[in-house]
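The values are calculated or read from the model by the stated rules, or taken from the named source; none is laboratory data. Small disclaimer: the values here were computed from a predicted structure and weren't measured. Cβ placement follows ideal geometry from the backbone for every residue including glycine, while neighbour counts extend to all protein chains displayed. Note: accessible area is taken over every heavy atom of the protein model, side chains too, but ligands, DNA and RNA are not part of it. Shrake-Rupley method; radii C 1.70, N 1.55, O 1.52, S 1.80 Å.
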Amino acid sequence: MAEEAVELARREIAYCETLLAKAAPTCSARPFATRLKSRPGTHYPTGDVFDPTSGAQWFYPCHPAEEGAEEHGHFHCFLRPQGPQGPIHHLAAVGVDAHGRLLRLFTVNQWVVGDDWLGAEGTIALLPRFDVQMPRPSYLVNRWLTAIFTAYEQQITELIRERDRALLTHRQPEGVEARQDRALEVTSELKLSDR
C-alpha cells in the first residue's frame, strides 16, 4: 500500500472522528452510540449496512455496560464478493470506546459471526474491496470504516494470518472443529488505544 494512500486514510479517519464528535450534543455524549442508536445487546442496524457496489457490509453490536470496560462496542466488517445472495466473509472487527475512538482491531472465530469460511490469503485478497459508500445510517461512519481498512491494511493482513495460525494451533475438545469451539472467540488482536 502506498504511503500516500495510508496518510490520506489517516487524515480521513481524523476528519470523520472530529465531525462525529461535533455532532454529539455534549462533550460526554456517545457519538457512535447516539449516531447508531445502539443499545447493549442489539445488532445495529437491522439488516446491516450493505454497499451493493463493493459488497462491503457491517453491523455494530454494543456491549452490555460493565464497570471499567473501555470498549463500548465494535463493528463487524464483511465482504460479499458475489453480491447480497452470495457468500459472506468476515474481514475484521473494529472496537471503539463510548466516544467513538478506535481502540482495537481484531478477528474472531467462525462461530462468532457464522460467515462462510475463507482462509487467510483469500480473505486478505478481499481487503481492498471494503469500501462503504452509503448515506445511511451515517455517511461519516461508513467513510471512517473504509478509511480504517485502508490505513491499517497491513496490520489487518497480519491479524488474518494470525487468526489462521491460532486456529491451527488451538487444542479443541475431541469432536469439535476449531472454528466451532466456543472456548476460542477472539483469534487475533491489535490494540490501538495509544494512537
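Go through the stretch 98-117 and give me each residue that's within 17 Å of PHE75 (Cβ to Cβ) and either aliphatic (A, V, I, L, M) or out of contact with any strand residue (DSSP E or B) (no Cβ under 8 Å at 6 or more places or on another chain) (or both).
ALA98, HIS99, GLY100, ARG101, LEU102, LEU103, LEU105, VAL108, VAL112, VAL113, GLY114
Do you know which of the residues in the stretch 103-117 that are among the aliphatic types (A, V, I, L, M) and either in contact (Cβ under 8 Å) with a residue 40 or more places away in the chain or in contact with a Lys or Arg (Cβ under 8 Å, 6 or more places away or on another chain) (or both) is most open to solvent (accessible area, probe 1.4 Å)?
If we take residues in the stretch 103-117 being among the aliphatic types (A, V, I, L, M) and either in contact (Cβ under 8 Å) with a residue 40 or more places away in the chain or in contact with a Lys or Arg (Cβ under 8 Å, 6 or more places away or on another chain) (or both), then VAL112 is most open to solvent (accessible area, probe 1.4 Å).
All but one of (1) at pLDDT 95 or above; (2) open to solvent by 50 Å² or more (accessible area, probe 1.4 Å); (3) under 16 Å from ALA93 (Cβ atoms) hold for SER193; state the number of the condition that does not hold.
(1)
What are the residues in the stretch 15-63 that are open to solvent by 80 Å² or more (accessible area, probe 1.4 Å) and modelled with pLDDT of 75 or more, if any?
Passing the criteria: TYR15, LYS22, THR46, PRO52, THR53.
Is at least one residue of the stretch 64-74 crowded, with 18+ Cβ neighbours inside 10 Å, under 26 Å from ASP181 (Cβ atoms), touching a Ser or Thr at 6+ places or on another chain (Cβ under 9 Å) and modelled with pLDDT of 95 or more?
For the stretch 64-74, residues crowded, with 18+ Cβ neighbours inside 10 Å, under 26 Å from ASP181 (Cβ atoms), touching a Ser or Thr at 6+ places or on another chain (Cβ under 9 Å) and modelled with pLDDT of 95 or more: absent.
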